[in-house]
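Notes follow once the structure below has been shown.
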Amino acid sequence: AKSAGRNRHCFFVPEMNIEVSERLNIENDLRHALAHDELRLHYQPVVDAKSKMIVGCEALLRWQHPKHGFMQPDRFIPIAEESDLIIDIGQWVLEQACQQARKWQDLGLMTGFVAVNVSARQLREPALTQTVQKALEISGLLPNKLELELTEGSVLQGTIIARRILDEIQGLGVRLVADDFGTGYSSLSFLKLFRFDKVKIDREFVRDMLSDQGDAAIVKATIAMAHAFGATAVGEGVETAAQAGVIHHCGCDQLQGYFFGRPMSVSDLQEFLHLGALE
Ligand code: C2E
Ligand code: CA
Ligand code: CA
Ligand code: CA
């Protein structure tokens, strides 16, 4: 128990129940977050490894909770997934991201792609294809400017239906990205089964590749494997010039990380893009 308030309850309620009730509170608040306009998307640039030009950005969800302040996605997304709230939130994220990307295109600020994270629960809804289609229609964004990021775990749960949905979405011209690659178990068959357009090397391997030969080997093997499948390789979590240099040298096509730009609010990213244009 961390706070005095919690301590008081500890005499009567086991710790686990406190966690459960805290979860329920978050779930309840999250239910209203969309209607109360508390959710925002931040965008992190992705650059071409060679030219260092921005080729797109990843949309990352942020929640400004009225009482608890800023909440990390790692804390509330799992709750959204278990409570089905992720369906509505996921649709909002898709529509919002597509509209923003289209706006930047019209302004001539950023003509690249926008990447949206999709969770396992969304992949079990056959209507996901229509949701994606609708987001593209409303925004007028071309399908080849949208990428969906999926993790191995999310796709392998209910493989057959996920496979069908992802085939449909790819059929629209939207690109599929294997996110956090290397952290799962059946990575090779995963790439073969879903024909990803892009593979994102998990930042854990990028972080340690300069000091750990094993991690360097995983990065190199993943890039080679992505290329063998005709996919683009992306390194995420690039924090230093040294990491950027080494991973580029390994043949990685695109890079993302604090070294090139943090996830930013719409206005901050616009400022960032303006400055880049002046260089
Ligand atoms: P992810 O998809 O792997 O996103 C990358 C995470 O790495 C982001 O954390 C980003 O802020 C962080 N990051 C980027 N560059 C660096 C770096 O150089 N160093 C370090 N240490 N970290 C870096 P964030 O924004 O906290 O998001 C965490 C996770 O929450 C995401 O991991 C994703 O799985 C999930 N998530 C975020 N937004 C959404 C969403 O709209 N829908 C769904 N389903 N999941 C989301
Ligand atoms: Ca991602
Ligand atoms: Ca990732
Ligand atoms: Ca992750």
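The values are calculated or read from the model by the stated rules, or taken from the named source; none is laboratory data. Since this is a predicted model, take the numbers as computed values, not measurements. Please note that ligands, DNA and RNA were not included when accessible areas were found on the heavy atoms of the full protein model with its side chains. Shrake-Rupley method; radii C 1.70, N 1.55, O 1.52, S 1.80 Å.
Annotations for the structure displayed:
- Working note: Cα gyration tensor of segment 177-231, eigenvalues times five, square-rooted, sorted largest first, giving semi-axes of 20, 10, 9 Å.
- Here segment 38-101 is treated as an ellipsoid with the same Cα gyration tensor; its semi-axes, largest first and in whole Å, are 26, 14, 11.
- Ellipsoid semi-axes for segment 92-164, based on the Cα gyration tensor and the rule √(5λ), read 25, 12, 9 Å when sorted largest first.
- Candidate residues GLU271, GLU27: accessible-area rank, largest first, probe 1.4 Å: GLU271, GLU27
- The residues THR222, THR111, sorted by heavy-atom accessible surface at 1.4 Å with ligands and nucleic acids left out, run THR111, THR222 from largest to smallest.
- Percent accessible area from carbon and sulfur atoms, segment 36-131, protein chains only, probe 1.4 Å: 48 percent
- On segment 148-279, 54 percent of the accessible area sits on carbon and sulfur atoms, based on a 1.4 Å probe.
- Solvent-accessible area of ILE138 with every protein chain in place, 1.4 Å probe, in Å² to the nearest 10: 90 Å²
- Ranking by accessible area, most exposed first, for LYS52, LYS67 with a 1.4 Å probe: LYS67, LYS52
- Per residue, the chain exposes 51 Å² of accessible surface when a 1.4 Å probe is rolled over the protein heavy atoms with every protein chain present.
- Each principal axis of the Cα atoms in the chain has its own extent, and those three values, largest first, are 59, 46, 45 angstrom.
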